[in-house]
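Asks: So that we are looking at the same thing, I have put the structure below in structure tokens.
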2 protein chains.
Amino acid sequence: MGTDDARKRLTSARVATLATAGRSGETDLVPITFAVSGNRLVSVVDHKPKTTTRLRRLENIVGNPRVAVLAHGYDEDWDLLWWVRVRGDARTVTSGRGHRDAVRSLVAKYAQLVDPPPTGSVIIVEIDEWLGWSARRLHEG
Amino acid sequence: MGTDDARKRLTSARVATLATAGRSGETDLVPITFAVSGNRLVSVVDHKPKTTTRLRRLENIVGNPRVAVLAHGYDEDWDLLWWVRVRGDARTVTSGRGHRDAVRSLVAKYAQLVDPPPTGSVIIVEIDEWLGWSARRLHEG
């Protein structure tokens, strides 16, 4: 899968998995809702009930900004399997233009976030590595 | 979500994300099919077309056996969101009883693997940490 296909797949995916490592090097994994524009991926700590571990990702990013995000499609027809993995450097913002822009793009993608819009910390990932795989593409290609 | 619930959710999930880190510390993420019995999770490098990066997970495990696996459910009704994350030490086996038992449990779970059964390397994770989260459970609890 080329980068253009990978970008389309990731952008339209509704959920992905964020991996953060922190200083300890032990990987934390959590599903995220997110929005992609260009090489920027944004996510927000939503206003759902959360455990302390749901905030581990923020601490980890401070300690080690390098993150990975995976979106994938599962189907019992394994010829339809695909995944897209991106990597980049992440930062967290709690206010300002970066926060506003991120919330706007998230609200545009997810009706669930419209009212009230999220106010929590935003994670911004500057993607510098795209990798995509598709069973069908490899079969056909 | 308690460990019993987490175990049920993970065991019945059809796909999960495996995170391996390797010596470099850069996280590799890949979707896996898998089977769980007790505290043991097994997966196999299947016979689908694969890129070299799909084998990165095996190299990473040799360099750093600590892995994490996340399964989750997504639904547009966010009250139905859940995830289960486990951690453990992984090893890879290419033959012997561990390989046979793993293949047997994978074939029992996935009709797609029945004919021919997979012959590739098996990843065995001894889970020592279970963590589960469910939006509904937190709302109700």
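Asks: When you look at B:Arg97, is it within 17 Å of the chain's Cα centre (by Cα) and among the basic types (Lys, Arg), yes or no?
Replies: No, not satisfied.
Asks: May I ask you to say which residue of B:Val93, B:Val67 is more than 21 Å from B:Arg7 (Cα to Cα) and touching a strand residue (DSSP E or B) at 6+ places or on another chain (Cβ under 6 Å)?
Replies: B:Val93
Asks: Further, regarding this structure: Need pairs with beta-carbon distance below 6 Å; first residue within 20 Å of B:Val45 (Cβ to Cβ) and within the range A:60-85, second of a type in the set (S, T, N, Q) and assigned to a strand (DSSP E or B); sequence gap 6+ or separate chains.
Replies: Here the result reads A:Leu70/A:Thr17; A:Leu70/B:Thr17; A:Trp82/A:Ser134, each pair linking the range A:60-85 to a residue that is of a type in the set (S, T, N, Q) and assigned to a strand (DSSP E or B).
Asks: Would the range B:118-136 turn up any residue that is among the basic types (Lys, Arg) and closer than 18 Å to B:Val36 by Cα? Spell out the reasoning first.
Replies: Kept after step one, since they are among the basic types (Lys, Arg), are these residues of the range B:118-136: B:136.
Next, only the ones that are closer than 18 Å to B:Val36 by Cα stay: none.
No, every residue in the range B:118-136 fails to be among the basic types (Lys, Arg) and closer than 18 Å to B:Val36 by Cα.
Asks: Follow-up. Cβ-Cβ below 8 Å, separation at least six or inter-chain, first residue in the range A:105-123 and within 14 Å of chain B (Cβ to nearest Cβ), second acidic (Asp, Glu): which pairs?
Replies: Filtered contacts from the range A:105-123: A:Gln112/B:Glu76; A:Leu113/A:Asp46; A:Pro118/A:Asp46.
Asks: Something else now. Hey, can you tell me all the residues within the range B:9-25 that are surrounded by 15 or more Cβ atoms within 10 Å (Cβ to Cβ) and either within 9 Å of chain A (Cβ to nearest Cβ) or on the phi < 0 side of the Ramachandran plot (or both)? Explain how you work it out, then say what you get.
Replies: First pass over the range B:9-25, keeping only residues surrounded by 15 or more Cβ atoms within 10 Å (Cβ to Cβ): B:9-11, B:13, B:15-22.
Correct list: B:Arg9, B:Leu10, B:Thr11, B:Ala13, B:Val15, B:Ala16, B:Thr17, B:Leu18, B:Ala19, B:Thr20, B:Ala21.
Asks: Which members of the range B:16-72 meet the condition of being at pLDDT 90 or above and of a type in the set (D, E, K, R)?
Replies: B:Asp28, B:Arg40, B:Arg66
Asks: Select from the range B:60-90 the residues that are more than 11 Å from every other protein chain (Cβ to nearest Cβ) and surrounded by fewer than 19 Cβ atoms within 10 Å (Cβ to Cβ) and write down the one among them that is nearest to B:Glu129 (Cα to Cα).
Replies: Filtering the range B:60-90 for residues that are more than 11 Å from every other protein chain (Cβ to nearest Cβ) and surrounded by fewer than 19 Cβ atoms within 10 Å (Cβ to Cβ), the one nearest to B:Glu129 (Cα to Cα) comes out as B:Asp89.
Asks: Okay, moving on. Taking the residues in the range A:123-141 that are of a type in the set (Gly, Ala, Ser) and in contact with an Asp or Glu (Cβ under 7 Å, 6 or more places away or on another chain) as candidates, determine which candidate is modelled with the highest pLDDT.
Replies: Result: A:Gly132.
The values are calculated or read from the model by the stated rules, or taken from the named source; none is laboratory data. Remember, it's a predicted structure, so these values are computed and weren't measured experimentally. As a convention, Cβ positions derive from the backbone with ideal geometry for all residues, glycine included, and neighbour counts pool all protein chains shown.
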